[in-house]
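Let me begin by presenting the structure, written as structure tokens, before commenting on it.
A short reminder: the numbers here are calculations on the coordinates, not readings from a lab. Please read these numbers as outputs of a predicted model, since none were measured by experiment. Cβ sites come from the backbone with ideal geometry, for glycine too, and all protein chains shown count toward neighbours.
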Amino acid sequence: MRHKFYRKILDNGMTVFFEKREIPVVAVAFAVRNGGINETIEEKGISHFIEHMLYKGTKKRNAKQIAEEIEKRGGELNGFTDEIITAYWCRMPSQYLDVALEVLGDMVKNPLFDPKEMEKERKVIFEEIKMRKDSPHVYVLDNIQRELYNGTLGKNLIGTYETMKTIDRKKLISRYKEIYQPNNMILGVVGDVNLEDILEFAKKNFGKIKGKVPKINFSPKNAIKIEKRKGIDQANLIFAYHTPLSTDKRSYAAEILSTLMAGGMSSRLFSEIREKRNLAYSVKGDSNINKFFSYNSVYVGTKKQNVGLVKEIILKEFKKVAESLTEKELEQVKEQLIGNYYISMEESQLQLIGLLMHEIDGNAKEFYDFEKRIKEVKLEQVQQLARMEKYSFLALVPE
């Protein structure tokens, strides 16, 4: 499949990419190459805090006006903070590209960091921390990195009560000015619009000030932890293991292994744990693979007394893959992943986010090589990764 794709690094250092589509919808994002991975332990959550504040008002617009200019034209507005990227995006009818660029551009260029709004938003984040802690499923997903890495990656992306209390307006503004400069920024667009309009906006509205992104050390580890909590009825567990970085072609073997083990109702672990043994309702796999760190995980919700058994089943199934995976099953999983890849392209904002993540890894254009890379994976590569010599495990169980 051929795609009308364009990518350019402007004189000011900003990266612009564009995928042309015929449907009259456009998805637009401004992103910075910065996230939780760039924070010290003492300031954990500052990137997420800045993301929240950029929606709270600029010199031209208050928070309500920011939302109205997008939503009253039929659009949707959102954003996210990840370990390696912070992004602000909207999707709307393509005739309003100028509005999308203007509103998002204003947000990332001219935030007020109003002191009153800042204190209000700090309380909102405190509630978000409580919400995520109170959900056992979300809690183990948020905290498995604690058992996989030392340093900043072992701390929660949204911060803690302690760190969030110490981040004041001066720190927010200082970090914002350090990071939110053209050479750290990506402007991505997917939709039925003209490239010239995108480039003209970027060149006209962003200067040439150079920013820098802090480099923070962290290191991989493996650990096993069982936590107890009162007031819950189900045990929630995560089994996770390190995989090759995205710069290594074996990372595609890691994606295949994740899908093979827990990627849907036809996966090995779903079939074994839920369908055959009825030990769980939810069995899900996930991959977090980039050029900085990389791991696969399996989540299961089960009875407290079944935690040990489920862990044993997981290890046995990995061993089976390592010893007896067939070419036929490998080809089936490849076809599944390639099919999922093309289906995901239907949604312009999902396509936009996929391109953004590949740009952070090196070049958004590499997103289109996915099918080729998956087809190149060899049976031995998947089997080698399935040899589970080291792993991490986190379970939250009823007390």
*asked:* Using a 7 Å offset from the Cα along the Cα-to-Cβ direction at both Asp114 and Arg250, what is the distance between the two label points in nm, to one decimal?
replied: 5.3
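Sum -39500 (n - 2.57) across every DSSP H segment of at least 4 residues in the chain, then divide by the residue count to get the 222 nm mean residue ellipticity, nearest 500. Walk me through the numbers before you get to the answer.
Numbers: 14 runs with 163 residues, N = 399.
Calculated at 222 nm, the ellipticity per residue is -12500 deg cm²/dmol.
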*Hey, fewest Cβ within 10 Å first, where do Ile198, Ile273 land in order?*
Ile198, Ile273
_For the stretch 242-270 and the stretch 309-342, distance of Cα centres in Å_ = 8
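Sorted from fewest to most neighbouring beta carbons within 10 Å, what does the list Asp134, Asp82 look like?
Numbers: Asp134 12, Asp82 21.
Starting with the residue having the fewest Cβ neighbours, the order is Asp134, Asp82.
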*Counted charge near Ile70, where neighbours are those whose Cβ lies closer than 10 Å (Asp, Glu -1; Lys, Arg +1)*: -1
*Along its principal axes, what span do the Cα atoms of the chain show, with the longest given first and each in whole Å?*
59, 50, 38
*According to a simple spin-label model (label point 7 Å from Cα along Cα-to-Cβ), what is the distance in nm between Glu178 and Tyr341?*
3.8
*Please give the net charge around Ile23, taking every other residue with its beta carbon less than 14 angstrom from that of Ile23, where Lys and Arg add +1 and Asp and Glu add -1.*
-1
_Low-density loop positions, GluC sites (Glu not before Pro), the stretch 304-370 - DSSP coil, at most 16 other Cβ in 10 Å_ = Glu346, Glu347
*Hull-based mean projected area of the stretch 222-398, where the convex hull spans the alpha carbons, in square nanometres*: 10.7
*How do 260-268, 179-187, 124-132 rank on mean C-beta neighbours within 10 Å, highest first?*
179-187, 260-268, 124-132
